[in-house]
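Q: Following this message is one structure expressed as structure tokens.
None of the figures in this text is laboratory data; all of them are computed from the coordinates on show. The model shown is predicted, which means the values in this text are computed figures rather than measured ones. Neighbour counts run over all protein chains shown; Cβ positions are idealised from the backbone, glycine included.
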Amino acid sequence: MKQIITGRNIEITDAIKNRLDRKINKTFHGIGENTDIHVSLHVEKHRHMAEVTVKTKGFTAHANEETDDLYITMDSVLEKIEKQLKKHKRRKLNQKIKNGAELKNNLNS
């Protein structure tokens, strides 16, 4: 898993990096080695923005979040990405089940 953390108008401190690493490892545990994760943090006056892009084999997820608190922004954007990945995984599983049922019906016909 390759992680890239960038900041615009903000210095990526060890505390921010450690928190993101911990959250990313928890969220993307077992997702695969060929995964690229890009986290971009931005600060404009009192607004903190975070963008996360996750690229895996055959799927790309992207989420944005903007709040007044940097840590809340990071947490909520990672929650959005986690929801997208769960939804994708569920769709893939349902498609496999559907294809298996169709194959079984075709063999029985």
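Q: Could you tell me what percent of the DSSP beta bridges with both partners in the range 2-108 are antiparallel, to the nearest 5?
A: 70
Q: Ok, one more. Mind checking which aspartates and glutamates have their C-alpha under 19 Å from K83, skipping anything on the same chain fewer than 8 residues away?
A: Correct list for K83: D21, D36, E51, E65, E66, D75.
Q: Here's another thing I want to ask about it. Specify which residue in the list V77, G58, I37 is farthest towards the positive end of the charge dipole of the chain, using unit charges on the beta carbon of Lys, Arg (+1) and Asp, Glu (-1), about the Cα centre.
A: G58
Q: Over 25 Å between Cα atoms: which of K17/K87; K55/K86; K57/K80 fall into that group?
A: K17/K87
Q: A follow-up question, please. FRET efficiency for D68 and K89, Cβ-Cβ distance as r, R0 = 35 Å, nearest 0.05?
A: Taking R0 as 35 Å, the efficiency between D68 and K89 is 0.60.
Q: To the nearest 20 Debye, how big is the dipole of the chain about its Cα centre, given +1 on the beta carbon of each Lys and Arg and -1 on that of each Asp and Glu? The partial results should precede the final answer.
A: On the way: 22 positive and 15 negative charges, 171 e Å.
Approximately 820 debye in magnitude.
Q: State the percent of C-alpha pairs, over all pairs in the chain, separated by a distance greater than 18 angstrom.
A: 54
Q: Residues with beta-carbon under 14 Å from that of R47, excluding R47: net charge, scoring Lys, Arg +1 and Asp, Glu -1?
A: Counting the neighbours of R47, the net charge comes to -4.
Q: I've got another one for you. Just list whichever of K26/K96; K45/K89; K23/K98 have alpha carbons separated by over 31 Å in the model shown.
A: Those over the limit are K45/K89; K23/K98.
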